[in-house]
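Only one structure is covered here, and it is reproduced in the block below.
The values are calculated or read from the model by the stated rules, or taken from the named source; none is laboratory data. Here the structure is a predicted model, which means the values were calculated and not measured. Cβ placement follows ideal geometry from the backbone for every residue including glycine, while neighbour counts extend to all protein chains displayed. These area figures cover heavy atoms from the full protein model, side chains too; ligands, DNA and RNA do not enter into them. Shrake-Rupley method; radii C 1.70, N 1.55, O 1.52, S 1.80 Å.
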Amino acid sequence: MPRIFRAMPTFNGVGAGQTATVNLPIGNTYYSLLLELGGTTFEASHIDEMRVKGNGRTIQTVAGADLNVINQFDRRAASVDHLVLDFERYGLITRGGREVTAIGTGALKNTNRESPNYNPVPLTTLQIEADIAGTAVAPTLSAKAHQGPPLPLGVIRHRRKFTYSPAGAGDFEISDLPKGLLIDKVFFKSASDRINGVKLDRDGFRLFDRTDAQNDVIQSDGVRTPQASWFVYDPTEEGHAAESLVTAGVQDLRFILDMAGADTLTVYVDYIGGFAG
């Protein structure tokens, strides 16, 4: 069955300085949403934060302007008035690897772990919230969804946001990111473009060590498009879905950033795991 592409219900609370919300219908599997921003003055940068919530729990958090950059990193087209919110992992080589994190709804509860339809925590609500900046003028917001038949929820992508403030040049270590789930990507957004390179140690063993220039070259040769002022740790950069970073049972996970000076960092971590993860 081909995917369907259909309009979602109307957003409520669309206005400058307000939080717009929409409850997405339950019953199909969600692969992505296409958000259309309109009005007198309303574009991606006017969405201060957007949240995806399932059963009232936040699954993903991202600012509108940052989502636009992340989409370009994944080789989607740049746009300030149309934003794609992916639930699948865009750009991977195999369809199964790409679609595994789609958000399945409509399947019945099934607690039998041996069943192919294992679905211990079905989604009964799925909601999008968007905090609209006060500088927007007469904004409008609508969404259409790429959907498929009902599926068990399975594993999904959890996007979590963190902030850090390196005080000066030299190594800056980030060792407090939550562990347990697979890490699909880590996006380091530098407010002042001062990341020279990044290393990754897992329980004392160095897994990754690249300068910013090296990272850009390698990812450009793969399935990504590097973005200015962003350093992305992406194990799936060659398009292989199974290359995510294992953190279950890990005692120490440490990203070491070589900073050229003081900075403000916004860090998005894409985890892959069950809804309860």
In the stretch 182-223, how many are basic (Lys, Arg) and under 21 Å from the mean Cα position of the chain (by Cα)? 2
Does the stretch 226-249 hold any residues that are among the hydroxyl-bearing types (Ser, Thr, Tyr), under 17 Å from Asp184 (Cβ atoms) and not in a strand (DSSP E or B), and which are they? Thr236, Ser244, Thr247
Pairs returned, first residue in the stretch 19-46 that is in a strand (DSSP E or B), second residue that is modelled with pLDDT under 95 and open to solvent by 60 Å² or more (accessible area, probe 1.4 Å), beta-carbon separation under 8 angstrom, 6 or more apart or interchain, are Thr29/Pro150; Thr29/Leu151; Tyr31/Arg3; Leu37/Val80
Could you count how many residues in the stretch 262-277 are assigned to a loop (DSSP other than H, G, I, E, B), of a type outside the set (Ser, Thr, Tyr) and touching a Ser or Thr at 6+ places or on another chain (Cβ under 7 Å)? 1
Can you name the number of the only condition in (1) over 18 Å from the mean Cα position of the chain (by Cα); (2) open to solvent by 20 Å² or more (accessible area, probe 1.4 Å); (3) under 20 Å from Val22 (Cβ atoms) that Tyr164 fails? (3)
Could you list, in sequence order, the residues of the stretch 77-105 that are closer than 30 Å to Thr41 by Cβ and either under 14 Å from the mean Cα position of the chain (by Cα) or hydrophobic (A, V, I, L, M, F, W, C) (or both)? Ala77, Ala78, Val80, Leu83, Val84, Leu85, Asp86, Phe87, Tyr90
Positions within the stretch 238-263 being under 23 Å from the mean Cα position of the chain (by Cα) and open to solvent by less than 40 Å² (accessible area, probe 1.4 Å), in sequence order: Gly239, Ala241, Ser244, Leu245, Thr247, Val250, Leu253, Phe255, Ile256, Leu257, Asp263
Thr211: free of Cβ contacts under 8 Å to residues at least 60 places away in the same chain, among the polar types (S, T, N, Q) and either open to solvent by 30 Å² or more (accessible area, probe 1.4 Å) or touching a helix residue (DSSP H, G or I) at 6+ places or on another chain (Cβ under 8 Å) (or both), yes or no? yes
Residue by residue through the stretch 97-118, note down the ones that are open to solvent by less than 60 Å² (accessible area, probe 1.4 Å) and either in contact (Cβ under 8 Å) with a residue 60 or more places away in the chain or closer than 21 Å to Ser244 by Cα (or both). Gly97, Glu99, Thr101, Ala102, Ile103, Gly104, Thr105, Gly106
May I ask you to say which residue of Ser175, Ser142, Ser115 is of a type in the set (S, T, N, Q) and more than 29 Å from Ile4 (Cβ to Cβ)? Ser175
Of everything in the stretch 69-78 that's open to solvent by less than 20 Å² (accessible area, probe 1.4 Å) and not in a loop (DSSP other than H, G, I, E, B), which residue is nearest to Ile218 (Cα to Cα)? Phe73
For the stretch 123-147, how many residues meet the condition of being open to solvent by 30 Å² or more (accessible area, probe 1.4 Å) and either at pLDDT below 95 or not in a strand (DSSP E or B) (or both)? 4
Meets criteria (of a type outside the set (S, T, N, Q), under 25 Å from Pro152 (Cβ atoms) and in a strand (DSSP E or B)) for Tyr90: no
Can Gly273 be described as more than 16 Å from the chain's Cα centre (by Cα), open to solvent by less than 20 Å² (accessible area, probe 1.4 Å), at pLDDT 95 or above and more than 22 Å from Thr163 (Cα to Cα)? no
When only residues in the stretch 11-66 that are hydroxyl-bearing (Ser, Thr, Tyr) and in contact with a Phe, Trp or Tyr (Cβ under 7 Å, 6 or more places away or on another chain) count, which is most open to solvent (accessible area, probe 1.4 Å)? Thr21
